[in-house]
Amino acid sequence: GVHRQILFTTVGWFVGYYLAKRTEYIHAKLDRELFEYVRQHPEDFKAAEKKRIGELLEDFYPVR
């Protein structure tokens, strides 16, 4: 009856809440480890030189 629906809804909410918090924790941990690696090895992650927009685009030749 209704009591089962309330029970399953409550259990589902708690399981979903736990899984959401766990995935946030795992992603935050991974981000922290990656940022720490980048900070410790700056020679592997050099900033690329900036290019102008004209250098990125190909020349335009209209087709007639």
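Bear in mind these aren't lab numbers, they're just calculated from the coordinates by the rules spelled out. Fair warning: this is a prediction, and the values are worked out from it, not measured in the lab. For neighbour counting, all protein chains shown are included, and Cβ atoms are generated from backbone atoms with ideal geometry for every residue, glycine included.
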Next on the checklist: Going by what's in this entry, would Arg4 be described as free of Cβ contacts under 8 Å to residues at least 60 places away in the same chain, surrounded by 10 or more Cβ atoms within 10 Å (Cβ to Cβ) and charged (D, E, K, R)?
Outcome noted: no
Next on the checklist: Filter segment 34-64 down to the residues that are surrounded by fewer than 10 Cβ atoms within 10 Å (Cβ to Cβ) and among the acidic types (Asp, Glu) and list them by number.
Outcome noted: Glu43, Asp44, Glu49, Glu55, Glu58, Asp59
Item to check | Selection status of Leu19, surrounded by 10 or more Cβ atoms within 10 Å (Cβ to Cβ) and under 25 Å from the mean Cα position of the chain (by Cα) | outcome: yes
